[in-house]
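To start, the structure under review is shown below, and the notes come after it.
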């Protein structure tokens, strides 16, 4: 899968993920399916984007990103079961993704300045 395809898949999946999580309160029967599809899309993008460099910090961040990707389908499973713990798994995954994005951005900015 090329980079542009991954980018489009990620954006579409992220938008569907946010919309389906917000629309869950409507109790429409098809929302968990949209959420599961979106979780799978985001997870595929993260898990098929390995880090191939030698920087240990970026390797660790990539592992954290993979953990966040694995937590999304777990939250989807819990949504199908009707348990409210799916929100906790989604929040943990979002926090990890946010943290990784911040640190990777700073690291890349630092590398470009050097």
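Comparing 43, 66, 22, which has the greatest mean-square fluctuation in the GNM of the chain with Cα pairs linked when under 10 Å apart?
22
Using just the helices of the chain, give the 222 nm mean residue ellipticity in deg cm²/dmol: DSSP H runs with n ≥ 4 each add -39,500 (n - 2.57), and the total is spread over all residues, rounded to 500.
Value at 222 nm, helices only: -28000 deg cm²/dmol.
To one decimal place, what orientation-averaged projected area in nm² is obtained for the convex hull of the Cα set of the stretch 7-46?
2.3 nm²
Which of 79, 88 has the fewest other C-beta atoms within 10 Å, and how do the rest follow up to the most?
Ascending number of Cβ neighbours within 10 Å: 88, 79.
Give me 6, 106 sorted ascending by neighbouring Cβ count inside 10 Å, so fewest comes first.
Working: 6 16, 106 10.
Listed from fewest to most nearby Cβ atoms, that is 106, 6.
Comparing 20, 49, 29, which has the greatest mean-square fluctuation in the GNM of the chain with Cα pairs linked when under 10 Å apart?
Highest fluctuation of the listed residues: 29.
Per the Kirkwood formula on distinct C-alpha pairs, the Rh of the chain is how many angstrom?
Values: mean 1/r = 0.0671 Å⁻¹.
Averaging 1/r across every pair of different Cα atoms and inverting gives 14.9 Å.
Given springs between every Cα pair under 10 Å in a Gaussian network model of the chain, which of 104, 52, 81 has the largest fluctuation?
Of 104, 52, 81, the Gaussian network model singles out 52 as fluctuating most.
For 103, 63, what ranking results if the residue with the fewest other Cβ atoms within 10 Å of its Cβ goes first?
Lowest count first: 63, 103.
Between residue 44 and residue 19, how many nm apart are label points set 7 Å from Cα along the C-beta direction?
With each label point 7 Å from Cα toward Cβ, the separation is 1.8 nm.
Stretched out fully, how many nm does the piece from residue 59 to residue 10 gain, at 0.36 nm a residue minus the Cα gap? Don't jump to the answer; show the numbers that get you there.
Working: separation 49, 0.36 × 49 = 17.64 nm, distance 2.07 nm.
Length difference between fully extended and current span is 15.6 nm.
Hey, what did the stretch 3-113 get for relative contact order, percent, Cα under 8 Å, at least 6 apart?
Rounded, it is 21 percent for the stretch 3-113.
Over the stretch 68-114, what is the mean sequence separation of C-alpha contacts under 8 Å (at least six apart), divided by residue count, expressed as relative contact order in percent?
RCO, the stretch 68-114: 34 percent.
PRE reach from residue 106 (point 7 Å along Cα→Cβ): which of the stretch 46-62 fall under 18 Å by backbone N?
Answer for this model: 55-62.
Find how much the distance from residue 92 to residue 1 grows on full extension, using 0.36 nm per residue of separation minus their present alpha carbon separation; answer in nm with one decimal.
30.0 nm
Rule-based calculations on the coordinates, nothing more; no lab input. In this text the structure is predicted, and so the values were computed from the model without any measurement. We place every Cβ from the backbone using ideal geometry, glycine too, and count neighbours over all the protein chains shown.
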